[in-house]
Amino acid sequence: MRARIRILLPIVALCAACGPEAPPNIIFVFTDDHATQAVGAYGGRLAALDPTPNIDRLAREGMRFDNAFVTNGICAPSRAVILTGKHSHLNGVLTNAERFDSSQVTFPQLLREAGYQTALVGKWHLKSDPVGFDYWEVLPGQGQYYNPDFRTPAGVVRDTGYATDIITDKALAWLDGRDPTKPFLLMYQHKAPHREWAPGPAHLTAYDDAEIPEPPTLFDDWEGRTSAAQTQEMTIARHMHYAYDLKLWPNTVEPDDPWNEWVQGRRARMTAEQLAEWDAAYGPKSEAFRAANPTGDDLVRWKYRRYMEDYLGSIASVDDNLGRLLAYLDEAGLAENTVIVYASDQGFFLGEHGWYDKRWMYEESLRMPLIVRWPGVVPLGSRSDALVQNLDLAQTFLDLAGVAAPSDMQGQSLAPLLYGEQPSDWRDAIYYHYYEFPGVHAVQRHYGVRTDRYKLIHYYLIDEWELFDLVEDPDELRSVYDDPAYAEVQAALTSRLAELRDQYAVPMDDPVPPPEGQP
């Protein structure tokens, strides 16, 4: 398939060469679990709520990628893929349990060696210390939303405030103090909107009165798919925790839930002022819930709404702080020669199929937001529907900086797409592989192939398959794997899947041992 680019301005707008004379500055804005459904520029069901005006500004002033996918839809593995340009089985981070081997070559190291100043602020989630950065301050593990600790080369420090604001403060301070004679790479990485979806003080009640539409599949029964969809543990109906996820405190519904201890720790971490604001926001809503005592579908709808209010509130803080960054770049005269890339580590279920979380090769989890702004180079309001992946970002950053990428990186530079070119050899399919089973949410291990129209998934520990026609069934409600009408499609995709596994040197046996009792 040839990559198809829809440029909304005349192609003559590109004629300024493929980049300025000076190497561009690069800012990588990276969020955690930000679904495209909650990015206004993507026009999903939540776009009418205007959740992301500053992210949308990037899309108006740059390129939106409509078919951007991850290789392994979970936090740490996605980060390792981006750093190394290699699939999980080669970079060694297959699940959230592994420690990143920092002796590997990463794109920040290469940019630093080429003369870039490099900085990393925010969520890291790779256990080992960051390597290849002149400056770094990162959250330990998942980090905390309120009064977070930061790992630094000098030790752990605690800052008072809200994590999204603090991460931005640190990023802006570094930009202000950098060497202005050198190009820079800033990896500006947020915890938000990761579970437990804790909004900042400015957005605790921002969506209380909003009309939040439900997904058509909120009450999905998972018929028409494999047993993997039936045995997962990530439903809004049954698996959300009342105190941890839904902010019901005291937890009168699940008084013995062990997650209550985590909530007590969260509350103890807050200042008196923060806790007063929190309780003023959630106390009345929790009392209203107790008084109404919803059941059945009404209870699911209450949980969904509470989830969305908090998720969108967390994103609002991210977007506000992106606005601060954009204003700084404008005022400092840095905007014109700075590439800004906005992405998330994967997608997320926002009630689709009755779920929250990620992990699956289904569209809501597989798809990530990806927006690139580079004034004078990337046409305003342009879009690409080429099949791209987080695997491509390392080579892209290196290419934009004029630095040669190592030959063992497995992605493709997005630079030609950004310049408006249509490479004839662009990929026609993407490969995905999820390993973290058994584990949180009980999503079976699976790998698969996706083309522009079809998706084939193999749950290999239980040897079950799914095939979806994304044109006829965009919500992926009915597998046609056993439908004779799709026999040729099934055969072609099975062959293409084998080719991709060979191309990416995927071993026959998982580097992560299977559960006891399974082959």
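Is there a residue being buried (at least 24 other Cβ atoms within 10 Å of the Cβ), over 14 Å from the mean Cα position of the chain (by Cα) and closer than 21 Å to Y431 by Cβ anywhere in the range 366-384? Yes, the conditions are met somewhere in the range 366-384. Kindly indicate whether G411 is modelled with pLDDT under 95 and surrounded by 18 or more Cβ atoms within 10 Å (Cβ to Cβ). Taking the combined requirement at face value, the residue does not satisfy it. Criterion first (on the phi > 0 side of the Ramachandran plot and loosely packed, with under 14 Cβ neighbours inside 10 Å) does G283 satisfy it? Taking the combined requirement at face value, the residue does not satisfy it.
Taken together, the criteria exclude D176 from residues that are assigned to a helix (DSSP H, G or I) and under 17 Å from K123 (Cβ atoms). For the range 351-402, the set of residues classified as more than 30 Å from V440 (Cβ to Cβ) and charged (D, E, K, R) consists of R373, R383, D385, D399, listed by residue number. Among the numbered conditions (1) without any contact (Cβ under 8 Å) to a residue 60 or more places away in the chain; (2) more than 21 Å from I462 (Cβ to Cβ); (3) part of a loop (DSSP other than H, G, I, E, B), the only one that A210 does not meet is (1).
Checking P423, P507, P474 one by one, the residue that is part of a loop (DSSP other than H, G, I, E, B), under 30 Å from R195 (Cα atoms) and in contact with a helix residue (DSSP H, G or I) (Cβ under 8 Å, 6 or more places away or on another chain) is P474 and no other. Going residue by residue through the range 265-286, is there one that turns out to be in contact with a strand residue (DSSP E or B) (Cβ under 8 Å, 6 or more places away or on another chain) and under 21 Å from D33 (Cβ atoms)? Taking every residue of the range 265-286 in turn, at least one turns out to be in contact with a strand residue (DSSP E or B) (Cβ under 8 Å, 6 or more places away or on another chain) and under 21 Å from D33 (Cβ atoms). With respect to M187, determine if the residue is of a type in the set (A, V, I, L, M, F, W, C) and closer than 26 Å to L299 by Cα. No; evaluated as a whole, the condition is false for this residue.
Set side by side, the residues Y328, Y342 differ, and just one is surrounded by fewer than 24 Cβ atoms within 10 Å (Cβ to Cβ), aromatic (F, W, Y) and within 30 Å of A401 (Cβ to Cβ), which is Y328.
Select from the range 136-187 the residues that are of a type in the set (S, T, N, Q) and touching a residue at least 24 places away in the same chain (Cβ under 8 Å) and list them in ascending order.
Q142, Q144, N147, T160, T164, T168
For the range 276-327, give me each residue that is touching a Pro at 6+ places or on another chain (Cβ under 9 Å), over 28 Å from D56 (Cα atoms) and of a type in the set (D, E). Within the range 276-327, just E277 meets the criteria.
Of the residues that make up the range 190-199, is at least one in a helix (DSSP H, G or I), of a type in the set (D, E, K, R) and in contact (Cβ under 8 Å) with a residue 40 or more places away in the chain? Looking through the range 190-199, none of the residues is in a helix (DSSP H, G or I), of a type in the set (D, E, K, R) and in contact (Cβ under 8 Å) with a residue 40 or more places away in the chain.
The values are calculated or read from the model by the stated rules, or taken from the named source; none is laboratory data. Keep in mind the model is a prediction, meaning the values are calculated, not measured. Cβ: placed from backbone, ideal geometry, glycine included. Neighbour counts: every protein chain shown.
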